[in-house]
1. Evaluate the range 137-146: report whether one residue or more is more than 28 Å from Tyr228 (Cα to Cα) and assigned to a helix (DSSP H, G or I).
2. On the given criteria, is Ala94 aliphatic (A, V, I, L, M), in a strand (DSSP E or B) and touching a Cys at 6+ places or on another chain (Cβ under 8 Å)?
3. Given the condition crowded, with 17+ Cβ neighbours inside 10 Å, of a type outside the set (S, T, N, Q) and outside any helix (DSSP H, G or I), answer yes or no: does some residue in the range 29-44 qualify?
4. Here are Phe130, Phe152: which of them is assigned to a loop (DSSP other than H, G, I, E, B), within 20 Å of Ala64 (Cα to Cα) and in contact (Cβ under 8 Å) with a residue 60 or more places away in the chain?
5. Scan the range 34-52 and give yes if some residue there is under 17 Å from Ile250 (Cβ atoms) and among the small types (Gly, Ala, Ser), otherwise no.
6. When you scan the range 160-174, do you find a residue that is in contact with a helix residue (DSSP H, G or I) (Cβ under 8 Å, 6 or more places away or on another chain), part of a strand (DSSP E or B) and closer than 23 Å to Phe24 by Cβ, even just one?
7. Which of the following residues is farther than 29 Å from Asp199 by Cα and free of Cβ contacts under 8 Å to residues at least 12 places away in the same chain: Asp188, Asp135, Asp118?
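The values are calculated or read from the model by the stated rules, or taken from the named source; none is laboratory data. Note that the structure is a prediction, hence the values are computed from the model and not measured. We place every Cβ from the backbone using ideal geometry, glycine too, and count neighbours over all the protein chains shown.
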Amino acid sequence: MSAIQKTTITNEGQQDETWFSSWFDTPYYHILYKERNESEAQLFMDNLTHYLNLPENAKVLDLACGKGRHAIYLNQLGFDVIGADLSENSIAEASKNANETLHFKVHDMREPFEEKYDAIFNLFTSFGYFENDDDNLTTLKAIKNSLSEYGFAVIDFMNVNQVISTLVPEEVKTVDGIDFHIKRYVKDGHIFKEIDFDDRGHKYHFTEKVKALTLQDFESMMEEAGIYLLDIFGDYKLKKFHKTESERLILIFK
């Protein structure tokens, strides 16, 4: 789920608003972020599943799975995996990798699942995109209600304090011949990223908007949701969380 908007400007300068697919559904999202470190992601999955000591053939839900790169690796580790995402395009792409113990489905993370899972992973800041802040609490409750009796959930979020203190206001990133002009700023409790670029004679503009949720914000929501916060880590090697220094805010709960 995202609160991400798209505007396309035609060659003539007229605004084309006939396609309202989200940023995540466009090929440009995957072009811009194509350099994401696969080995780092796999190391994180290795460390996480080892820490949780998941049973063999455990049922794992990758919530907001995108095109399924983490779900696919979790399945390779021997788990029975479901990848879920609101993006129909991403699920269609991910489903090309489906097998007897790896499935994908379109799903809104605010809704609980009928099936219960031994582990639910919400990875790489796939939380906090809702326009209505109440939906964040609704999502936490849905995750809790989708866990098995002995199940664990993990939210891997950015460390807002560290992100804001190191925010790069403007940069140009060139990927596959496209110059992405990026502006970042903080406003109304959210971190914004404005992305502008030209491709094949068209001008594009996207806005990413993520709620700047701190550890204290998560703790308050979890208390209200009746969730027990078990552990907190600050990076993918599962080192201790430091408020000002850690790159990530990784929450283990049930």
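1. no
2. When the stated conditions are applied, Ala94 does not pass them.
3. no
4. Numbers: Phe152 fails: assigned to a loop (DSSP other than H, G, I, E, B).
Sole residue among the options that is assigned to a loop (DSSP other than H, G, I, E, B), within 20 Å of Ala64 (Cα to Cα) and in contact (Cβ under 8 Å) with a residue 60 or more places away in the chain: Phe130.
5. Yes, the range 34-52 contains a residue that is under 17 Å from Ile250 (Cβ atoms) and among the small types (Gly, Ala, Ser).
6. Within the range 160-174, one or more residues are in contact with a helix residue (DSSP H, G or I) (Cβ under 8 Å, 6 or more places away or on another chain), part of a strand (DSSP E or B) and closer than 23 Å to Phe24 by Cβ.
7. Of Asp188, Asp135, Asp118, the one residue that is farther than 29 Å from Asp199 by Cα and free of Cβ contacts under 8 Å to residues at least 12 places away in the same chain is Asp188.
Per-residue answers, yes or no, for (1) part of a helix (DSSP H, G or I); (2) assigned by TED's automatic domain parsing to the domain that holds Thr125; (3) in contact with a Ser or Thr (Cβ under 9 Å, 6 or more places away or on another chain); (4) surrounded by fewer than 19 Cβ atoms within 10 Å (Cβ to Cβ):
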| residue | (1), (2), (3), (4) |
| --- | --- |
| His181 | no, no, no, yes |
| Phe192 | no, no, yes, yes |
| Ile195 | no, no, yes, no |
| Glu219 | yes, yes, no, yes |
| Ile227 | no, yes, no, no |
| Tyr236 | no, yes, no, no |
| Lys243 | no, yes, yes, yes |
| Leu249 | no, yes, yes, no |
